[in-house]
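Heads up, the thing below is written out as structure tokens.
We did not get these values from a lab; they are worked out from the coordinates using the rules stated. Just so we're clear, the structure is a prediction, and the values are computed from it rather than from any experiment. Neighbour counts are summed over all protein chains in view; Cβ atoms, including those assigned to glycine, are modelled from backbone coordinates with ideal geometry.
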């Protein structure tokens with residue numbers, strides 16, 4: 001019953017199980033924080049920033065995902081659980097926890113991500129959209145990592161004062 005419930009929730013959230021990963025090269029990923037959710041001419045973007053402050057990585061997301069991430073940043077919740085809250089509660093109920101999320105690739109203009117769970121001493125890796133991963137990580141207070149290669153390809157270099165053309169927060 002527990003396995004069936006977990007599988008149903010994961011399908012609902014648009015996630016697929018994947019094999020546990022092998023070791024990553026030292027320095028392949030950079031921990032980032034969510035600076036803001038902003039509105040741009042191209043749509044909503046989540047701004048991710050490494051501890052060094054640069055480069056800034058805009059990850060474009062849908063309006064529902066942008067709202068969910070902003071609610072997590074504001075530590076607010078909806079009257080009824082959103083998908084990310086439901087998934088987080090289910091993960092906890094199954095005795096697992098989110099240990100980290102990664103944005104590990106950029107293909108054809110689409111960011112790819114993974115969620116890492118720890119359950120009973122076993123690490124489980126799941127393919128996930130970065131928007132879902134970010135919302136889940138914020139709720140679980142888990143670190144968010146971005147592949148250094150993704151930052152180099154899609155990041156925006158910022159000067160010490162920040163960009164004059166930086167998008168407005170939501």
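Quick notes on this one:
- Which of 41, 85, 102 has the fewest Cβ neighbours within 10 Å, and the rest in rising order: 41, 85, 102
- The per residue volume of the convex hull around the alpha-carbon atoms of region 38-170 is 117 Å³.
- Volume per residue of the convex hull around the Cα atoms, evaluated for region 32-103, comes out as 109 Å³.
- Counting every other Cβ atom within 10 Å of each residue's Cβ, 118, 56 order from fewest to most as 118, 56.
- Ranked by the mean number of other Cβ atoms within 10 Å per residue, highest first, peptides 64-75, 124-135 order as 124-135, 64-75.
- Region 45-170: relative contact order as a whole-number percent, Cα under 8 Å and 6+ apart: 28 percent
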